[in-house]
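The values are calculated or read from the model by the stated rules, or taken from the named source; none is laboratory data. None of these values were measured; they are calculated from a predicted model. For neighbour counting, all protein chains shown are included, and Cβ atoms are generated from backbone atoms with ideal geometry for every residue, glycine included.
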Ligand SMILES: [Fe+2]
């Protein structure tokens, strides 16, 4: 590799800091001014249909995971939280759609819907339940940093997926993928309701993914 890339600078900083909070990470990313070209080595040209988006882990340290996600047109994550992660920051290089939700008494409602701005950094808190997806006709990449102050396993172990179509909350250790293979599900908790709008949207996103998988 020629020179010291911005991603190597970020990795050096992560490796050398046992403690940090999300505002440190946000400031570091803002100062580093990462561009889409810096993520090129981890950008995927495509991904298996079984995955709802492309996922390339750059490095998993003791307390952090750094990952590049490649969103093809119509790629959507399932609605999810971030499990055991203490916090995260996600920098997005394109106009992804971002939905946030609230789940009270096992009922899911939409809190907000927005279009992310190029280069925007989103904060991930333990309370955040969200979904990201690509409604454009361009491939979009995003850089994801997750931090766990006291990891008991994977940095984002015990992630919940809100499977509103099948009215259940799934526990996984990996990606927030639709139509998960059974072996990827650690636990399925029945009972999850949602508004009709969320249900219709999730039905169509699941059907889209299932069509791709069986095509
Ligand atoms: Fe997320």
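Picking from residues in the range 129-163 that are out of contact with any strand residue (DSSP E or B) (no Cβ under 6 Å at 6 or more places or on another chain) and closer than 21 Å to residue 93 by Cα, the one that is farthest from the ligand (Cβ to nearest atom) is 137.
Any idea which residue in the range 162-176 is modelled with the highest pLDDT, counting only those that are under 17 Å from residue 69 (Cβ atoms) and surrounded by fewer than 21 Cβ atoms within 10 Å (Cβ to Cβ)?
The initial filter retains those residues of the range 162-176 that are under 17 Å from residue 69 (Cβ atoms), namely 172-176.
Applying the additional criterion that residues be surrounded by fewer than 21 Cβ atoms within 10 Å (Cβ to Cβ) yields 173-174.
Values: 173: 88, 174: 78.
Within the range 162-176, the match that is modelled with the highest pLDDT is 173.
Modelled with pLDDT under 95, touching a strand residue (DSSP E or B) at 6+ places or on another chain (Cβ under 7 Å) and over 30 Å from residue 191 (Cα atoms): does that describe residue 45? No.
Checking 207, 188 one by one, the residue that is in a helix (DSSP H, G or I) and surrounded by fewer than 17 Cβ atoms within 10 Å (Cβ to Cβ) is 207 and no other. Residue 69 meets all of the listed conditions (1) touching a residue at least 60 places away in the same chain (Cβ under 8 Å); (2) touching a strand residue (DSSP E or B) at 6+ places or on another chain (Cβ under 7 Å); (3) not in a strand (DSSP E or B) but one, namely (3).
Among the residues of the range 89-125, those that are surrounded by fewer than 19 Cβ atoms within 10 Å (Cβ to Cβ) and within 12 Å of the ligand (Cβ to nearest atom) comprise 98, 100, 123, 125.
Scanning the range 108-161 for residues that are touching a residue at least 40 places away in the same chain (Cβ under 8 Å), assigned to a strand (DSSP E or B) and under 17 Å from residue 68 (Cα atoms) yields a total of 14. Taking the criterion of being surrounded by fewer than 17 Cβ atoms within 10 Å (Cβ to Cβ) and either out of contact with any strand residue (DSSP E or B) (no Cβ under 6 Å at 6 or more places or on another chain) or under 23 Å from residue 78 (Cβ atoms) (or both), the residues of the range 21-42 that qualify are 21, 23, 24, 27, 30, 31, 32, 33, 35, 37, 40, 41.
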